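What follows draws every value from the coordinates through simple rules; no lab data is involved. All values derive from a computational prediction rather than experimental measurement. Counting neighbours? That spans all protein chains shown, and the Cβs are built from the backbone with ideal geometry, glycine included.
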Amino acid sequence: MPRRAAVAGKFYDADQNMLVRTLEGCFLDRLGPGKLPMPKRQRTGNVLGLVVPHAGYVYSGAAAAHSYDALSSDGLPDLAVILGPNHHGAGHPVAVSEATRWITPLGSVHVEDEISEKIVQLSQFAQADEDAHVREHSIEVQLPFLQFIGGHKISIVPISISHLGEADALVAVDDLSKAIATAVEGKNAIIIASTDFSHYESQEVANAYDSMALSQILAMNGRGLIRTVREECISMCGALGVAVMIDASKLLGATAARKLTYHTSGDVTGDKRRVVGYAAVAVEKL
């Protein structure tokens, strides 16, 4: 059962050739890494987790390129577990995709069903469910970047996460991070947390809020991130997935987090009255 692209032509180009040119532009953009990715032949395996934004490429693509450039420089994984927020609320609260492959204009991406099934078996929260993924963009927009740096060599496990109350969220972080870490242990894998940061604040307010959230991420404090986002009312959509990524990466040996870049939509458009924040972070084993 394939999962067909839901937001091609909206968040990114539907035409294959135009999409490749857009991806190249994200890496070469003034807000991007300034160079095309050069995948390392043998993976070092120091980069275990990534924070990557998921807005339209014109706004957040340059920030996303920083994360995928860091991954490329570390060497390509065989598997990417991708955690994305469920903006629509459809389906199970923690939904592991049941599709056999996800399709983008660049081709199809294989879903590693053995790992998917293992995560569902190990987690009290995760459930196999495709309804949560049908219209959701937060995971889909990561795939052309993975295809751009790795061709069709990287398989995926897509996990959509809905909003949970603080008590459930903290339990879910512990549960899901352990399930993912156990399922991928010994594998050549990366865990990607898809999130945007503050939504529709002034540039000044967004910078302040997002600095608070980033400080918790850089301290590798997943629980602290969830508490900070809730206490400060930061409109960061994927905080729970980021917390899961941090804790799972720590279980796999990660010891540090590195900010790669941060900018807002205002830095792209020049309109800084109501912006959205975008950050790229690498979680590493040093």
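Side notes on the structure shown:
- Count - residues of region 98-119 that are assigned to a strand (DSSP E or B), among the hydrophobic types (A, V, I, L, M, F, W, C) and touching a helix residue (DSSP H, G or I) at 6+ places or on another chain (Cβ under 7 Å): 2
- Just one of the listed residues (Y68, Y59) is over 23 Å from G151 (Cβ atoms) and of a type in the set (S, T, Y), namely Y59.
- The number of residues in region 33-60 that are surrounded by 17 or more Cβ atoms within 10 Å (Cβ to Cβ) and without any contact (Cβ under 8 Å) to a residue 40 or more places away in the chain comes to 1.
- Output for region 101-147, where each listed residue is closer than 19 Å to S194 by Cα and of a type in the set (S, T, Y): T104, S116, S138
- Here the condition is being in contact with a strand residue (DSSP E or B) (Cβ under 9 Å, 6 or more places away or on another chain), within 30 Å of G165 (Cα to Cα) and among the polar types (S, T, N, Q); of S97, S108, S73, it holds for S97 alone.
- Qualifying residue in region 115-129 (condition: in contact (Cβ under 8 Å) with a residue 24 or more places away in the chain and in contact with a Phe, Trp or Tyr (Cβ under 7 Å, 6 or more places away or on another chain)): no
- Residue count for region 120-142, restricted to those that are surrounded by fewer than 23 Cβ atoms within 10 Å (Cβ to Cβ), among the small types (G, A, S) and either in a loop (DSSP other than H, G, I, E, B) or out of contact with any strand residue (DSSP E or B) (no Cβ under 8 Å at 6 or more places or on another chain) (or both): 1
- Of all the listed residues (L36, L50), the sole one being in contact with a helix residue (DSSP H, G or I) (Cβ under 6 Å, 6 or more places away or on another chain) and outside any loop (DSSP other than H, G, I, E, B) is L50.
- The single condition among (1) part of a loop (DSSP other than H, G, I, E, B); (2) over 21 Å from I161 (Cα atoms); (3) not charged (D, E, K, R) that G91 does not satisfy is (2).
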